[in-house]
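Before any comments, here is the structure.
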Amino acid sequence: MTYDDSNVFAKILRGELPCHKVYEDDKTFAFMDIMPRAHGHTLVIPKSAATDLIDVSPETLCDTVRTVQRIAPAIRDSMEADGLLIQQFNGAAAGQTVFHVHFHIIPRFEGVALLPHAGDMGDPEVLAVNAEKIRQAIEAA
Ligand code: AMP
């Protein structure tokens, strides 16, 4: 599949769409999922173009996973989560809806079921509060 730079994450990277950013470095970017499956649901993407895990270069994949590992503890601790689910979808048949490779970091709480994938829009105020907590925890780490 050819990369289409009109996808929403490419627009977020270009600043054409807003997002609740929690982390950025020269290679990667992380922000709140707008339809969170749980409090603190965060997405990590590379800044360079790639549709999925097959398309992305090994170097960029490493950069992206390093960011997942780097910010995961801050997400877990700031959300007071019991665990973290890391998810990554490849192709529409597998559930991928945005064709810019990304990792989901989804806090899990004992006894709390996950909301549906790409279900309802999150409350913007809650997204902003959670993003701020996560940003502060990353900065403090
Ligand atoms: P996937 O289905 O794995 O491709 O995941 C795409 C994710 O992007 C879904 O969980 C959506 O809720 C999320 N999403 C879609 N549009 C936006 C947006 N504008 N800002 C933040 N997250 C988004």
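The values are calculated or read from the model by the stated rules, or taken from the named source; none is laboratory data. None of these values were measured; they are calculated from a predicted model. No Cβ is skipped: glycine too gets one built from the backbone with ideal geometry, and neighbour counts run over all protein chains shown. Note: accessible area is taken over every heavy atom of the protein model, side chains too, but ligands, DNA and RNA are not part of it. Shrake-Rupley method; radii C 1.70, N 1.55, O 1.52, S 1.80 Å.
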Exercise for the section: Determine which lysines satisfy two conditions relative to K47: a Cα distance under 19 Å, and not lying fewer than 8 residues away in the same chain. Expected result: K11, K21, K27
Exercise for the section: Multiply the residue gap between E80 and D26 by 0.36 nm, knock off their C-alpha separation, and tell me the result in nm, one decimal place. Expected result: 16.6 nm
Handout entry: Carbon + sulfur, % of accessible area of the range 8-140 - ligands and nucleic acids excluded, 1.4 Å
Key = 55 percent
Problem - Per DSSP, loop trypsin sites (Lys or Arg not before Pro) in the range 5-51 with at most 12 further Cβ within 10 Å - result: R14
Practice task
May I ask for the angle, rounded to the nearest 10°, between helix 58-78 and the longest principal axis of the chain, with both axes built from Cα atoms and the value confined to 0 to 90°?
Solution key: 10 degrees
Problem - As computed over the chain, the Cα convex hull volume per residue (Å³) - result: 105 Å³
Practice task
Kindly provide the helix-only [θ] at 222 nm of the chain, computed as the sum of -39,500 (n - 2.57) over DSSP H runs of four or more divided by all residues, to the nearest 500 deg cm²/dmol?
Solution key: -10000 deg cm²/dmol
Practice task
Counting only C-alpha contacts under 8 Å and six or more residues apart, can you give the relative contact order of the range 1-136 as a whole percent?
Solution key: 32 percent
Completion exercise
Simple SL model, points at 7 angstrom along Cα→Cβ for D5 and M121; separation in nm is 2.8 nm
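Compute the accessible area per residue over the range 8-140, keeping the other protein chains in place, probe 1.4 Å, unit Å².
So the range 8-140 comes to 52 Å² accessible per residue, rounded to a whole number.
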Completion exercise
Taking a label point 7 Å from the Cα of R70 along Cα-to-Cβ, the residues of the range 8-28 whose backbone nitrogen sits under 14 Å from it are 22-28
Problem - All aspartates and glutamates inside 17 Å of K133 as judged from Cα atoms, apart from same-chain residues fewer than 8 positions distant - result: E24, D33, D77, E80, D82, D123, E125
Practice task
Treating the angle as unsigned and between 0 and 90°, give the value, to the nearest 10°, between the Cα long axis of helix 124-140 and the longest Cα principal axis of the chain.
Solution key: 90 degrees
Fill in the blank from the handout: Rounded to the nearest 0.05, FRET efficiency between T97 and S57 (Cβ-Cβ, R0 30 Å) equals 0.85
